[in-house]
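Engineer: Here it is, the structure, as structure tokens.
The values are calculated or read from the model by the stated rules, or taken from the named source; none is laboratory data. All values reported here derive from a predicted model rather than from experimental measurement. Cβ coordinates were reconstructed from backbone atoms using ideal geometry, including for glycine residues, and neighbour counts include every protein chain displayed.
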Amino acid sequence: MGINIQSDISLKKYNTFGIEEVAQHFIEITEATQLLDAYESGIFEKDFLTLGGGSNILFTQPYAGYIIKINIKGIKANQVQQEIFLTASAGEIWNDLVWFCVNNNYNGLENMALIPGTVGASPVQNIGAYGTELMDIFYSCVAFDTLEGVFRIFYNEDCQFSYRDSIFKSEQKGRYIITEVTYKLHTSPSINSSYGAISTELEKRKITNPTIRDIAEVVSFIRVEKLPDPSTVGNAGSFFKNPIVSAEQFKKIKTLFPEMISYDMPDGRIKLAAGWLIEQCNWKGKVIGQAGVWKNQALVLINIQSATGNEIFELSSEIINDVYQKFNVKLEREVNIF
């Protein structure tokens, strides 16, 4: 099929922050085999950045290299008894896939409804929300090795998943381009409604035996209540990771701040709510120039109208500094900075 290389392309519509920066070169990939063409053309020997939905990225300068926009489409399902092996191409919109599953009674993705982005980014970030993480339902993915020019299969155990992290984001960052992902789902529902906000909303709706559709609808409602729509307010969802601290450190902080929100981790460590920490530093709803913190969720940084990437980044740095000064906890950015 070949590749079409465009030059000096505005990235504003390719990132949900709506930041106006320019890519020196831009290539849209609609078929996996085009990656072989790009490899043979020597593009992966130069600076390149793989872009999905642009929902987890902040551009702070023009990109002097190749933007590889992944727009491969397709969904197929293979049922083995009560298990569904669902394969989706990397360019599929994540929320569309969630509702495809809900409409077909495939259980497993419903708690992650309305997470922005595309399928290809889901294992990179080990995305998760409301008590579910991608690693819980991930089976395998196909990824193109930009160093060796071949396609490889990664199974769950190969991906080194941890909280909002994977081999694709850490040890092998930038090397592989994911072209499709297979999820292991079920036809027999196993409802996860234990997360506080979900159970509260279900009670309000007087739903005692929720279906996966109920869960997806409730999660979508909660997210819309808390998060701004990127089509009207530029943002990348949660800008910071929820920090994880040792039990010992947690006890020290809890002594000073007994009302602090926390979640026990399987390994004995404690996950803190970054949004709560930020809010305690009086950042919620605060605006500096064209950058701000969303009024309904302190985890979300926003582009008021015409912020630069550097304005957003500087705001995040101030927040990180304030949280550290108050709690002795170092926040990490979840969003990728370029």
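Engineer: Of Asn282, Asn303, Asn296, Asn321, which residue is without any contact (Cβ under 8 Å) to a residue 24 or more places away in the chain and farther than 16 Å from Arg333 by Cα?
Structural biologist: Sole residue among the options that is without any contact (Cβ under 8 Å) to a residue 24 or more places away in the chain and farther than 16 Å from Arg333 by Cα: Asn282.
Engineer: Turning to a different aspect of this structure: Quick one: which residue in Phe154, Phe168, Phe138, Phe144 is over 20 Å from Lys271 (Cβ atoms) and in contact with a Leu (Cβ under 6 Å, 6 or more places away or on another chain)?
Structural biologist: On the way: Phe154 fails: in contact with a Leu (Cβ under 6 Å, 6 or more places away or on another chain); Phe168 fails: in contact with a Leu (Cβ under 6 Å, 6 or more places away or on another chain); Phe138 fails: in contact with a Leu (Cβ under 6 Å, 6 or more places away or on another chain).
Only one candidate qualifies: Phe144.
Engineer: To continue, here is another question. Out of the stretch 180-191, which residues are over 12 Å from Pro123 (Cβ atoms) and touching a Phe, Trp or Tyr at 6+ places or on another chain (Cβ under 8 Å)?
Structural biologist: Hits for the stretch 180-191 are Lys184, Leu185, His186, Thr187.
Engineer: Could I ask something else about it? What is the one condition in (1) assigned to a strand (DSSP E or B); (2) at pLDDT 95 or above; (3) hydroxyl-bearing (Ser, Thr, Tyr) that Tyr263 does not satisfy?
Structural biologist: (2)
Engineer: Of Leu134, Leu147, which residue is surrounded by 20 or more Cβ atoms within 10 Å (Cβ to Cβ) and not hydroxyl-bearing (Ser, Thr, Tyr)?
Structural biologist: Exactly one residue qualifies, and that residue is Leu134.
Quick grid of which residues meet (1) touching a Phe, Trp or Tyr at 6+ places or on another chain (Cβ under 7 Å); (2) in the same structural domain as Ile27 (by TED's automatic domain parsing); (3) in a loop (DSSP other than H, G, I, E, B):
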| residue | (1), (2), (3) |
| --- | --- |
| Ser55 | no, yes, yes |
| Ala64 | no, yes, no |
| Thr87 | no, no, no |
| Gly91 | no, no, yes |
| Asp96 | no, no, no |
| Cys101 | no, no, no |
| Asn111 | yes, no, no |
| Ala121 | no, no, no |
| Val124 | yes, no, no |
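Engineer: For the list (1) closer than 24 Å to Ile337 by Cα; (2) touching a Ser or Thr at 6+ places or on another chain (Cβ under 9 Å), I need the number of the one condition that Lys254 fails.
Structural biologist: (1)
Engineer: Scan the stretch 51-66 for residues that are touching a helix residue (DSSP H, G or I) at 6+ places or on another chain (Cβ under 8 Å) and surrounded by 15 or more Cβ atoms within 10 Å (Cβ to Cβ) and report the count. Please lay out each step first, then the result.
Structural biologist: First pass over the stretch 51-66, keeping only residues touching a helix residue (DSSP H, G or I) at 6+ places or on another chain (Cβ under 8 Å): 51-56, 58-61, 66.
With surrounded by 15 or more Cβ atoms within 10 Å (Cβ to Cβ) added as a condition, the list becomes 51-56, 58-60, 66.
Selection size over the stretch 51-66: 10.
Engineer: If you don't mind, another one. For Asn242, which of the numbered conditions (1) surrounded by 19 or more Cβ atoms within 10 Å (Cβ to Cβ); (2) at pLDDT 95 or above; (3) within 18 Å of Tyr324 (Cα to Cα) fails to hold?
Structural biologist: Failing condition for Asn242: (2).
Engineer: Output the residue which, of all residues in the stretch 30-50 that are part of a helix (DSSP H, G or I), of a type in the set (D, E, K, R) and in contact (Cβ under 8 Å) with a residue 12 or more places away in the chain, is surrounded by the most Cβ atoms within 10 Å (Cβ to Cβ). Working first, answer last.
Structural biologist: The initial filter retains those residues of the stretch 30-50 that are part of a helix (DSSP H, G or I), namely 34-40, 43-45.
Still in the running and of a type in the set (D, E, K, R): 37, 40, 45.
The next check asks that each one be in contact (Cβ under 8 Å) with a residue 12 or more places away in the chain; those that pass are 37, 40.
Values: Asp37: 15, Glu40: 11.
Across the stretch 30-50, the extreme among qualifying residues is Asp37.
Engineer: Continuing with this model, one more query. Keeping to the stretch 1-29, report how many residues are part of a helix (DSSP H, G or I) and buried (at least 19 other Cβ atoms within 10 Å of the Cβ).
Structural biologist: 1
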